[in-house]
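Nothing in this text is a laboratory measurement; each read-out follows from the coordinates by a stated rule. None of the values given here were measured: they were computed from a predicted structure. Neighbour counts are summed over all protein chains in view; Cβ atoms, including those assigned to glycine, are modelled from backbone coordinates with ideal geometry.
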Amino acid sequence: ELMTYQVIRARALLDAGAPLIGSLNGAARLAVAGYVAGGRAALAAIEAADYDVLEATRHPSKRRLLAELAKAYLRGR
């Protein structure tokens, strides 16, 4: 239950900060989009493991990470 709560909380924080991407250009835009995308992909990996982070270290797939990066960078959020 604690991990579920923390994933929801982390997603809300990422979503609240994501609009900043749209106001940035160049390397700054890519860096912030990468941070948001990495966070979202990591949270999805934790969810896919039913929030069990003690059994093994959870890593997002490269495909999921690239999809999140494209979405964040192109949409600006």
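Please work out how much length the chain gains when fully extended from ARG77 to ARG63, using 0.36 nm per residue of separation minus the C-alpha to C-alpha distance, in nm with one decimal. Before the final figure, lay out each step's value.
Values: separation 14, 0.36 × 14 = 5.04 nm, distance 1.88 nm.
Gain in length upon complete extension: 3.2 nm.
Treating only the Cβ atoms of Lys and Arg (+1) and Asp and Glu (-1) as charged, compute the dipole magnitude of the chain about its Cα centre; round to the nearest 20 debye. Numbers along the way, then the final one.
Numbers: 11 positive and 7 negative charges, 102 e Å.
It comes to approximately 500 debye.
For the chain, find the longest principal axis of its Cα atoms and tell me its angle to the long axis of helix 2-17, 0 to 90°, nearest 10.
Rounded to the nearest ten degrees, it is 0.
Under 16 Å from the 7 Å Cα→Cβ point of ALA70, by amide nitrogen: which residues of segment 7-45?
Backbone N within reach: 34, 37-38, 41.
Taking every Cα atom in segment 20-65, find the radius of gyration and the maximum pairwise distance Dmax, and write them in Å.
Reported Rg and Dmax, both Å: 13.1, 40.
For LEU20 and MET3, calculate 0.36 nm times their separation in residues minus their Cα-Cα distance, and state this gained length in nm to one decimal. Could the numbers behind the result be given before it?
Numbers: separation 17, 0.36 × 17 = 6.12 nm, distance 2.65 nm.
Full extension from LEU20 to MET3 adds 3.5 nm.
Charges on Cβ only, +1 for Lys and Arg, -1 for Asp and Glu, centred on the Cα centroid of the chain; of ALA41, ALA31, GLN6, which one is farthest towards the dipole's positive end?
The listed residue farthest towards the positive side: ALA31.
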